[in-house]
Structure formats: C-alpha cells, structure tokens
Amino acid sequence: MQLFPVVVFAFILPLIGAQVPHWGPCPEPAVQPAFILKQFMGRWFEIAKLPAQFEKGRCIETNFTLKTDNSIRVVSSEILKAELRKIEGTGVIEDMKNPAKLGISYTYVLPYSPYWILSTDYVNSALVYSCTDILRLFHFDFAWILGRTRTLPEATVEKAMEIFAKNNIDVSRMTPSRQKDCDKTL
C-alpha cells in the first residue's frame with residue numbers, strides 16, 4: 001500500500017511542469033445557466049489560458065460539431081514549429097440536467113476530462129474551466145478565454161478574469177495566446 005502514493009506521484013509528475021497544483025479539491029464554479037449546446041458549436045479561438053502542457057504552439061483553435069448521436073466532434077489545432085498540428089476528440093454532456101458541464105476526451109484510453117462552460121454569449125466569447133482532483137488533497141486546473149475571432153476587446157478579457165476570480169479560480173498565471181499571423185504561415 002505504501003507504493004500507491006509513489007505511483008500516483010509518478011503519474012502526475014509530468015503535469016507539474018506546466019500546471020500549478022493547488023491544495024484542496026477542485027472548486028465548484030457556477031456554469032452558464034440555460035446553456036444551449038447547438039449555439040456553442042462552431043469555431044473558437046484561444047484568447048488566453050492558464051499554462052497547459054499539451055498546448056505549446058500558437059494560433060490555437062477548436063472546432064465543435066454536433067454529431068447525430070448528440071456527442072460532439074472536437075477538433076483542436078495549433079501551429080508548432082511551423083507545422084499545423086491537429087487532434088480530434090469526442091465531447092459529451094455528462095449530466096443532462098446541467099448541459100454546460102461537458103466532458104472531452106482525445107483518446108479512448110483516458111476518461112472524459114471536465115470542460116465546463118462558465119459563461120458564453122455564443123457569438124463573441126466563452127469562458128471554459130477544467131479541473132482534475134487528486135485524492136481531494138490537491139488539484140490541477142485549466143482555464144481558457146475563447147473568442148469567435150482571434151482577438152477580443154481588453155474590457156471583455158478583464159471581465160472574464162473577474163468572473164474566474166469570483167468563482168475562486170486563480171488566474172494570476174493566465175497568459176495571452178499567440179494569435180498573430182496565423183493565416184499567413186501555412
């Protein structure tokens with residue numbers, strides 16, 4: 001049984017390089033009330049994010065498409081070292097009573113990761129949060145500000161940061177995403 005903490009630590013060690021662990025379980029932020037999945041579908045550009053080990057490039061965007069079985073086709077892309085890289089995953093509504101709490105997986109091996117829509121107006125911006133709880137001792141979280149265009153007004157970004165903070169989500173390490181010259185490079 002003493003080996004268990006070592007195995008858990010070895011599993012999460014790669015995450016520590018990019019993410020910041022926080023003590024305690026994940027926060028439970030409020031999500032978008034009366035969320036309408038169909039209106040959320042389409043192309044979203046990453047405006048700002050908390051550091052994420054799996055996002056190292058620029059011009060990051062994700063396209064959501066509703067499938068006939070009510071699952072979601074999720075295609076994310078980035079430019080890394082002058083190469084366009086894409087990854088496809090599947091999204092689902094994890095609780096029909098709370099449709100703003102999505103789950104997304106990019107592999108059949110791992111379970112769905114939380115992908116919660118905290119706020120969206122569907123046409124300009126969206127705030128997304130994800131958190132992984134490790135034995136209720138600490139957690140790793142991710143947060144994104146998304147836009148339907150590659151840039152958002154500074155006032156929109158500031159309001160987004162306030163919403164995260166109001167929900168006990170530490171965004172002090174949030175950084176702007178690189179969205180310049182995206183169409184010229186490929």
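Tabulated data
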{"read-out": "Size of electric dipole in the chain: Cβ of Lys, Arg +1 and of Asp, Glu -1, about Cα centre, debye, nearest 20", "value": "380"}
{"read-out": "Built amide H within the under 5 Å cut-off of A48, gap 5+", "value": "I145, S177"}
{"read-out": "Table column - 3J(HN,Hα) (Hz), the range 40-56, Karplus curve with 6.51, -1.76, 1.60, x for Gly and Pro", "value": "7, 4, x, 8, 10, 9, 7, 8, 8, 7, 7, x, 9, 4, 8, 10, 10"}
{"read-out": "Set of lysines with alpha-carbon distance to K97 below 21 Å, sequence-local pairs under 8 removed", "value": "K38, K67"}
{"read-out": "Crossing angle, helix 3-16 versus the chain [Cα axis fit, 0-90 degrees, rounded to tens]", "value": "20"}
{"read-out": "Carbon and sulfur %, accessible surface of the chain computed with the full protein complex present, 1.4 Å", "value": "59"}
{"read-out": "Residues whose placed amide H lies under 5 Å from that of I134, excluding near-sequence neighbours", "value": "H139, F140"}
{"read-out": "Selection from F35, V109, P99, by position along the positive dipole direction of the chain (Cβ)", "value": "V109"}
{"read-out": "Alpha carbon convex hull of the range 43-186, projected area averaged over orientations, nm²", "value": "9.8"}
{"read-out": "Probe 1.4 Å, accessible area per residue of the range 70-127, Å²", "value": "58"}
{"read-out": "Helix-only CD estimate at 222 nm, as mean residue ellipticity for the chain, using -39500 (n - 2.57) per DSSP H run (n ≥ 4)", "value": "-5000 deg cm²/dmol"}
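The values are calculated or read from the model by the stated rules, or taken from the named source; none is laboratory data. All figures in this text were calculated on a predicted structure; none of them were measured in a lab. Here the Cβ is made from the backbone with ideal geometry for all residues, glycine too, and neighbour counts use every protein chain on show. Just the protein is used for accessible areas: all its heavy atoms, side chains included, with ligands, DNA and RNA removed. Shrake-Rupley method; radii C 1.70, N 1.55, O 1.52, S 1.80 Å.
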